[in-house]
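Note sheet for the following structure.
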Amino acid sequence: MPVDVHQQTARREASRDLLSRESVRTQAALMRRLREHGHSVTQSSISRDLRELRVVKNPAGYQLPTPSESAEVVAGAFEFGKKVSMAGANLVVVHTAIGAAQRVAVELDRTGWPEIVGTVSGDDTIFVATTGTAAGRMLQERLTSSAAELAT
C-alpha cells in the first residue's frame with residue numbers, strides 16, 4: 001500500500017504529541033488514541049513510527065527520547081577528530097564517518113537545540129543552518145566537546 005508522506009508525518013507528530021502528554025502502555029492503546037484523533041493507522045505503521053521516533057518502552061509505557069539522549073547519539077555517531085567548522089554566518093559544516101551523516105543529521109534535528117534551524121546531509125558531510133554566528137559557534141563547541149567527552 002503506498003504511503004502518503006503527509007499522512008505519515010502528521011501521524012508521527014500526533015504520536016509524539018500524545019506520548020509527550022500522556023502515558024501509553026501498549027501499541028493498541030496508541031492506535032486507539034490516534035484513531036480517535038482521525039488518523040488512519042495499522043499495527044505495522046505504529047511499530048514503524050515508534051522505531052522512527054526512537055520511542056522506548058519501559059514499565060510505565062512508551063516514552064520519547066530526551067534531548068540529552070539524542071545528543072549522546074549525535075556525539076557517538078560523530079567520530080572524534082572529524083572536522084566541525086563554520087562556513088559563513090549561519091552555516092556549520094560537520095564531517096562524520098562515511099555513511100553516518102544522515103543518521104547524525106536526523107539526530108541533530110531531534111535534539112531540540114535552539115541554535116539549529118535545519119540540516120542537509122550527504123554521505124559524510126552535514127550542513128547545519130543556525131540562527132546566527134553566535135549560535136553556530138555554540139553548536140560547533142557543543143559538538144566538539146560532546147565528541148571529546150565520549151572519546152575519554
Quiz item: Pairs, please: C-beta under 9 Å, at least 6 apart or cross-chain, first residue basic (K, R) and in the stretch 106-133, second outside any helix (DSSP H, G or I)?
Solution: R110/L53; R110/R54; R110/P65
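Please go through the stretch 22-42 and pick out each residue that is within 17 Å of N58 (Cβ to Cβ) and out of contact with any strand residue (DSSP E or B) (no Cβ under 6 Å at 6 or more places or on another chain).
Once the filter is applied, which keeps residues that are within 17 Å of N58 (Cβ to Cβ) and out of contact with any strand residue (DSSP E or B) (no Cβ under 6 Å at 6 or more places or on another chain), the stretch 22-42 yields E22, T26, Q27, A29.
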Quiz item: Quick one: in the stretch 93-115, which of the residues that are of a type in the set (D, E, K, R) and assigned to a helix (DSSP H, G or I) is farthest from the chain's Cα centre (by Cα)?
Solution: R103
Practice problem: Please verify whether the stretch 39-50 includes one or more residues that are modelled with pLDDT under 80, at negative phi and either part of a loop (DSSP other than H, G, I, E, B) or over 15 Å from the mean Cα position of the chain (by Cα) (or both). | Solution: no
Quiz item: Among the residues of the stretch 25-37, is there at least one that is outside any helix (DSSP H, G or I), at pLDDT 80 or above and either within 18 Å of R142 (Cα to Cα) or in the same structural domain as I126 (by TED's automatic domain parsing) (or both)?
Solution: no
Self-check item: All positions within the stretch 96-133 that are farther than 20 Å from P65 by Cβ, at pLDDT 85 or above and surrounded by fewer than 18 Cβ atoms within 10 Å (Cβ to Cβ)
Solution: V117, V120, G122, D123, D124, T125, F127, A129, T131, G132, T133
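The values are calculated or read from the model by the stated rules, or taken from the named source; none is laboratory data. None of these values were measured; they are calculated from a predicted model. Quick reminder, even Gly has a Cβ in these numbers, built from the backbone with ideal geometry, and neighbours come from all protein chains shown.
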